[in-house]
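Before anything else, here's the structure in question.
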Amino acid sequence: MTEQECRQQQRDEWEVLESIYPDCISSDLDENWAFKLEVPIELADPRIVEVHNAETSRTLTLSNLPPLLLDVTLPASYPLETPPRVTSMQSADQWYMQPPRLLEDLTQMWEPGSQVLYSWIEYIRGGQFLTEGRENTPISLRHPAPDILADLLAAYNTDSSRQQFSQNSYACSICMTHHKGSKCIQLSCQHIFGRSCLRDYWCSLVTEGDIARVRCPDQACMKDGVEAREEEVALVLKPDEITRWKWLQEKQEMEKDPAVVICPMKYCQKLVPKPPMVNDDSGWVRLRVCSACSYSFCATCKHGWHGPISPCIASATNELVQQYLATTEGSMEREMLLRQYGRSYVEKLLKRWEEEQANNKLLESSTTACPGCSVRVEKSMGCNHMTCFKCKQHFCYRCGYKLQPSNPYLHFNTPGLACFQRLFDVGSVNDDDGWILDLQLEDDDQWEHR
């Protein structure tokens, strides 16, 4: 084979390389039949890379390494008698410190009469010179500054992965169409979706408050129940949607604590937790201070803070007692109430309520309410004609009816009435087996209209 025929084969091989690896050829073939290769290392699978020296070691998981820069010259007798000659070899960021070893491997790959440039590029690009056939062992890179090199390699790996991702097309399982990588997002679970499709899906969930489903829409991930990471949400949603998502997450987390209450201010409605380091037996356990509007209030009655000793308004405490009594002994609902308001406080309210019930029962059995002002009156002796000390209303102590101030004893002297001839009767009208006749009602109505 003549020199001219060898040069023609070299030119043909060069044109094939240009068509297959345009990104790996960084210069044209010059008059000296020399050119430059810039071959990035793209590992088939992520590999553990250990960057070390005698004192320090850093471990990373990488899929891409910076390119190797080769100056190659084609001898006139290549490929027939001599291999291509590598006149220079460097690595970006000086991460590869063993060029002679790689040069020896490349030289041994050539056989007389064979074109070897394609095999060289594939060998370097696949990182086979680093693994040396050991698929399950870490790649060892010795370097004088492991920490600096490790940061550079990690940054390059991230940029390369992002660039490769943006150049490919991927199927979106939401819209069932293909999108360019630059229009897609890959979640931490490695599933890929169209960015706009995922944004619409997550946005609807955040709007509805269903943040438990803000996760990878893939069926397997939905079944596992792993929620999306904050950085993933930040890449997909708009700022106001992210703010609402964070608020809903905080609300969901705080609602797990029964002691958390909602700020009663209508313009605020922020969740307020129980103050830390407070004894449940202390009245301070009811204090809540809203971090958003600084409103201090009582967790029981929801009114402004009235101190640890002053009692809440009766309606609020009665409602709490009724809620407690509506639950069964040992139930989860009762335990949640005790945890929310404090066991000691609820027990005090219950004891106070029982005492009030006993007092009310005693008052109803031994006193009569004035029909004018409702003040309870107890008779120790005398007749059943009573005059209220507060509003001066005349009434019957036995049945509670209003009496005519001008003739209060008519009520006791009218036949047919329940209190007829019972001016000094010590019993109440409820003790009778009879009933109040319509005559008394008619008599009262006539007296009211006088």
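The values are calculated or read from the model by the stated rules, or taken from the named source; none is laboratory data. These figures come from a predicted structure and were not determined experimentally. Cβ placement follows ideal geometry from the backbone for every residue including glycine, while neighbour counts extend to all protein chains displayed.
Which number in (1) surrounded by fewer than 19 Cβ atoms within 10 Å (Cβ to Cβ); (2) modelled with pLDDT of 90 or more marks the one condition that residue 74 misses?
For residue 74, the exception is condition (1).
Let me ask something else. Considering only residues that are in a strand (DSSP E or B) and aromatic (Phe, Trp, Tyr), which ones fall in region 362-409? If you could, list the steps in order and put the result at the bottom.
In the first step, residues of region 362-409 are kept if they are in a strand (DSSP E or B); the result is 368-369, 376-377, 385-387, 394-396, 402.
395, the sole residue that qualifies.
Can you report the number of residues in region 219-250 which are in contact with a strand residue (DSSP E or B) (Cβ under 6 Å, 6 or more places away or on another chain) and either surrounded by fewer than 12 Cβ atoms within 10 Å (Cβ to Cβ) or outside the structural domain of residue 206 (by TED's automatic domain parsing) (or both)?
0
State which residue is surrounded by the most Cβ atoms within 10 Å (Cβ to Cβ) when the search covers only region 285-308 and only residues that are in a loop (DSSP other than H, G, I, E, B) and of a type in the set (Ser, Thr, Tyr). It would help to see each step written out before you state the result.
Start the filter on region 285-308 by keeping residues that are in a loop (DSSP other than H, G, I, E, B), which leaves 290-295, 299-303, 305-308.
In the following step, the residues that additionally are of a type in the set (Ser, Thr, Tyr) were identified as 291, 294-295, 300.
Working: 291: 12, 294: 10, 295: 17, 300: 23.
Out of the qualifying residues, it is 300.
What single numbered condition from (1) over 24 Å from residue 273 (Cβ atoms); (2) in contact with an Asp or Glu (Cβ under 9 Å, 6 or more places away or on another chain) fails to hold for residue 196?
Failing condition for residue 196: (2).
Among the residues of region 317-326, is any of a type outside the set (D, E, K, R), outside any helix (DSSP H, G or I), surrounded by 13 or more Cβ atoms within 10 Å (Cβ to Cβ) and touching a Ser or Thr at 6+ places or on another chain (Cβ under 7 Å)?
There is no residue in region 317-326 that is of a type outside the set (D, E, K, R), outside any helix (DSSP H, G or I), surrounded by 13 or more Cβ atoms within 10 Å (Cβ to Cβ) and touching a Ser or Thr at 6+ places or on another chain (Cβ under 7 Å).
Looking at 368, 327, 414 in this structure, which one is under 30 Å from residue 308 (Cβ atoms) and at pLDDT 85 or above? Let's see the steps before the verdict.
On the way: 368 fails: under 30 Å from residue 308 (Cβ atoms); 414 fails: under 30 Å from residue 308 (Cβ atoms).
Of the residues listed, the single one that is under 30 Å from residue 308 (Cβ atoms) and at pLDDT 85 or above is 327.
So that you can scan it fast, the table gives a plain yes or no per residue for (1) assigned to a loop (DSSP other than H, G, I, E, B); (2) more than 43 Å from the chain's Cα centre (by Cα); (3) of a type in the set (Asp, Glu):
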{"position": "15", "(1), (2), (3)": "no, yes, yes"}
{"position": "41", "(1), (2), (3)": "no, no, no"}
{"position": "82", "(1), (2), (3)": "yes, yes, no"}
{"position": "86", "(1), (2), (3)": "no, yes, no"}
{"position": "100", "(1), (2), (3)": "no, yes, no"}
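In region 264-284, which residues are in contact (Cβ under 8 Å) with a residue 12 or more places away in the chain, touching a strand residue (DSSP E or B) at 6+ places or on another chain (Cβ under 8 Å) and either on the phi > 0 side of the Ramachandran plot or crowded, with 19+ Cβ neighbours inside 10 Å (or both)?
The answer is 271, 272, 274.
With respect to residue 27, determine if the residue is farther than 19 Å from residue 142 by Cα and modelled with pLDDT of 90 or more.
Against the criterion (farther than 19 Å from residue 142 by Cα and modelled with pLDDT of 90 or more), residue 27 does not qualify.
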